[in-house]
1. Run through segment 52-120 and list the GluC sites (Glu not before Pro) located in a DSSP loop whose Cβ has at most 10 other Cβ atoms within 10 Å.
2. Considering only protein heavy atoms, with the full assembly of protein chains and a 1.4 angstrom probe, order TRP110, TRP42 by accessible area, largest first.
3. Relative to the longest principal axis of the chain, what angle (0 to 90°, nearest 10) does the C-alpha long axis of helix 2-12 take?
4. Rounded to the nearest 20 Debye, what is the dipole magnitude of the chain about its Cα centre when Lys and Arg each give +1 and Asp and Glu each give -1 at the C-beta?
5. Counting only trypsin sites (Lys or Arg not before Pro) that are in a DSSP loop and have at most 15 other C-beta atoms within 10 Å, tell me the longest site-free stretch of the chain.
6. Considering Cα pairs under 8 angstrom that are at least six residues apart, work out the relative contact order of the chain and quote it in whole percent.
7. Projected onto the charge dipole of the chain (+1 at Lys/Arg Cβ, -1 at Asp/Glu Cβ, origin at the Cα centre), which of PRO86, GLY22, PRO112 gives the Cα projection farthest towards the positive end?
Amino acid sequence: VSNLVVEIGSHLRGKPCRIYRGSRAVQFNAHGNDIFYRPDIWVACGRERDDKGEFVDEPRLVIEVLSPESKRIDQREKMQHYREIPTLEEIILVSRQAAGITSLRRSQQWQPVLAGDPAQTLELQSLGLSIPLEGIFEGLT
């Protein structure tokens, strides 16, 4: 996760978008219900919702790091809800155990694209950024 934060943070330097980690919640409405999630990493290019900086509106990219405990919720419940966010362009699921990444994009009707070969790159189309998979998983055993 830290490798992704460094790469994305460097790419966003001087741009109007901001990178966040799990300390801030993404709030949105899905089917008439207010939903709050704390993704592992996300990028927002809109405004902060309140003066305390607790909630963030208008996420463009959400990254969830899958663990055995969170995998089911991240892949099912959250995916259904995240798709309801009008500004969200891309969802990335990172599997540390399999050293693989699943990308889902609104522009591709949320069809999953898998990448697991270290020679492949993660294409963050919503940010115009490519990151080699070997760099993302470097240092993980």
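1. GLU69
2. TRP110, TRP42
3. Roughly 60 degrees between the two axes.
4. Dipole size: approximately 100 debye.
5. On the way: sites that count: ARG13, ARG47, LYS52, ARG83, ARG96.
So the longest stretch without any such site is 97-141.
6. The value is 17 percent.
7. Highest projection toward the positive end goes to PRO86.
The values are calculated or read from the model by the stated rules, or taken from the named source; none is laboratory data. Predicted model, so just to flag it, every value in this text is computed and none were measured. A quick note on method: Cβ atoms are made from the backbone with ideal geometry, for glycine too, and the neighbour counts reach across all protein chains shown. For accessibility, only protein heavy atoms count, side chains too; no ligands or nucleic acids. Shrake-Rupley method; radii C 1.70, N 1.55, O 1.52, S 1.80 Å.
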